[in-house]
1. Within segment 250-374, what percent of beta bridges assigned by DSSP are antiparallel, to the nearest 5?
2. Which order do the peptides 244-253, 344-353, 151-160 come out in when sorted by mean C-beta neighbours inside 10 angstrom, highest first?
3. What ranking do 332-338, 224-230 get when scored by the average of other Cβ atoms within 10 Å per residue, highest first?
4. Quote the FRET efficiency, to the nearest 0.05, computed for residue 227 versus residue 170 with a Förster distance R0 of 41 Å and r equal to the Cβ-Cβ distance.
5. In nm, to one decimal, how far is the modelled label at residue 3 from the one at residue 283, with both set 7 Å along Cα→Cβ?
6. Would you work out if segment 144-271 is rounded, prolate or oblate? Take a ≥ b ≥ c from the square roots of the eigenvalues of the alpha-carbon gyration tensor; rounded if a/c is under 1.5, else prolate when a/b is larger than b/c, oblate otherwise.
7. Over all distinct alpha-carbon pairs, what is the Kirkwood Rh of segment 229-347 in angstrom?
8. Go ahead and run the numbers for FRET between residue 130 and residue 310, Cβ-Cβ distance against an R0 of 30 Å, rounding to 0.05.
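We did not get these values from a lab; they are worked out from the coordinates using the rules stated. Please read these numbers as outputs of a predicted model, since none were measured by experiment. Glycine gets a Cβ as well: all are built from the backbone with ideal geometry, and neighbour counts include every protein chain shown.
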Ligand SMILES: [Zn+2]
Ligand SMILES: [Zn+2]
C-alpha cells in the first residue's frame, strides 16, 4: 500500500506549489543523514518524501494522482526516479540538481538536469481522430560531436584536475545549527568535470556542449484535443556533469475543420434540408470522419432536429467513451419563388390543418427558445 503523497508531506489537497516545496524542504532538512543520525528510517522516509514531492510538484502527475491515485500514475508510465538510487547523497544531488538543500551552497555542485524545450506541432482534425506521427525540429543543447563532450580539442591530452584530484568537488566541513555538515562545492578549476583539457575544443570552446538541431518523430495519440501537450522525457537540453536531459514538450494545435464543430469528443455538423424535402422525408449527404455519407431524414423533420450518428465522433484519448457525430438539420425555407411555385405553395397552404402543424412528439420551438435563454 503506497502512502498518500499529501499525507507524507503533511499538506492539504489544495496546497499551492509553494506550500508543497516548503513542506518538502522542511522534511528534507529533518531527514538529511548529516543531521539525523538517530532515526534509522530517515533514509527510507526521505525516499518517500522525495517520491511524494516528485508527484505533487508536477502539475500533470498531480492531477493524474488526484483523479486515479497511484494506479493511475503507474498505468500512465510514471515511475519514481528514486527507486533505483543507491546512495542517499545521490538522491539529494539528483533532487536538488546538485544545489545545497540548506540553501547555503552556490548551487552548482554535481549533476544538473538539462532544461526543458517546448515546440509546437499542427495536425488536422482527421489526424487527431486517427492518431498520427509528426516531425518536429528544434534546437537543443546537446553533446559536442567534435570532442564527444569532453571539451578537449580532438587528439590533445586530457589531464586529471590537480585541484580536486579528479573528483570534481571540494569538500569543506562546516558547523551549523544542525550540527556538522560536510559541504561539497564544485571545483573551481575543472568546473566539476574532474578533468581539464590542455587545449579546449574549438567547436564548443571547451564546454563539451553546444546547440544542435534535432529532428524527432512524435506520436500523436488518437483523440488529442487542441492545446494539449505531449511530454517526451529526456529529449530536452542535455544535462551537465552526468545529469539527466530535460524534457521536450510538444504543444499540439488541432487545425479547425470548417465542416465540424468539436464539442469535447462529439462532432457537430449542420446540414441544409429544403422545407418540402423535410416534410416529405429525404436523404442528405453528411460529411463524416470516414468520408461523405448518406443519412436518412424522416418525413416531418423540424428545424433544428438532431440526428445522432453513434460512435462517429472523436475517439477517447485515454479511458472513457468516444464521441458521437451530431447532425443538426437546418430546414431551409424556399425564397425567390416563381409564379408557379407560389401557386403550388398557396394551394398546399390552403389544405393544411392542425394535424399537419402540431409539434409531433418533438419539443416545440417555444420550449427550445426557453431553454436557450435560460
Ligand atoms: Zn567540443
Ligand atoms: Zn577539479
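1. Values: 14 of 22 bridges.
Looking only at bridges with both residues in segment 250-374, the antiparallel portion is about 65 percent.
2. Details: 244-253: 18.3, 344-353: 9.6, 151-160: 14.6.
Sorting 244-253, 344-353, 151-160 by mean packing, highest first, produces 244-253, 151-160, 344-353.
3. On the way: 332-338: 9.0, 224-230: 14.9.
Result, highest mean Cβ count within 10 Å first: 224-230, 332-338.
4. Numbers: r = 47 Å, r/R0 = 1.16.
It comes out at approximately 0.30.
5. Computed distance between label sites residue 3 and residue 283 equals 6.6 nm.
6. Working: a/c = 6.06, a/b = 2.09, b/c = 2.89.
Note, shape of segment 144-271 comes out oblate.
7. Working: mean 1/r = 0.0553 Å⁻¹.
Evaluated on segment 229-347, it is 18.1 Å.
8. Details: r = 19 Å, r/R0 = 0.62.
After rounding, the FRET efficiency stands at 0.95.
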